[in-house]
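Okay, structure first, notes after.
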Amino acid sequence: DNITRLSILPTAITATYRATILDDEYGIPLVPYVRGGIAYDVWWIKNPADELSSAMSCATCDDRALGASIGLVGAVGLAVRAERIDPDAALSMRNSGLEHAGFFAELEYGWVNGFGNDTKLSLGDLTWFGGLSFEF
């Protein structure tokens, strides 16, 4: 393989607020939510020999291609509690310890560039997610 690989290990500490009042009080199975926090993304680049890459301009210095960037992340989303579709299935779920199950979609923005530091690799982006959710 003659491939150079960039690897990123994203980590974040976040807090989430879920507005369950629509479902809890009014029976509308929608749960909007927001999430935000601080991110610390570690990255490294390996050359085709599967070794850490280094700067070509400096054969004797230790300028390896690895580092990390700190920044902020935030998201908005909407979850749909699907147990409202079949009340008998919902009762069976609760008896087995599963409180809620459903679907979600969210939009996330990451500003992970060392808080604007030009010497840090910018790893943030705007992206979306979707999937299944389970609450125990």
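Results, tabulated for the structure shown:
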item	result
Qualifying residue in the stretch 30-47 (condition: open to solvent by 50 Å² or more (accessible area, probe 1.4 Å) and over 25 Å from the mean Cα position of the chain (by Cα))	no
Identity of the residue in the stretch 1-29, farther than 15 Å from G110 by Cβ and under 14 Å from the mean Cα position of the chain (by Cα), that ends up surrounded by the most Cβ atoms within 10 Å (Cβ to Cβ)	T16
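The values are calculated or read from the model by the stated rules, or taken from the named source; none is laboratory data. As the structure is a prediction and not an experimental result, all values here were calculated from the model. Cβ atoms come from the backbone with ideal geometry, glycine included; neighbour counts cover every protein chain shown. With ligands, DNA and RNA removed, areas are computed over all heavy atoms of the protein, side chains included. Shrake-Rupley method; radii C 1.70, N 1.55, O 1.52, S 1.80 Å.
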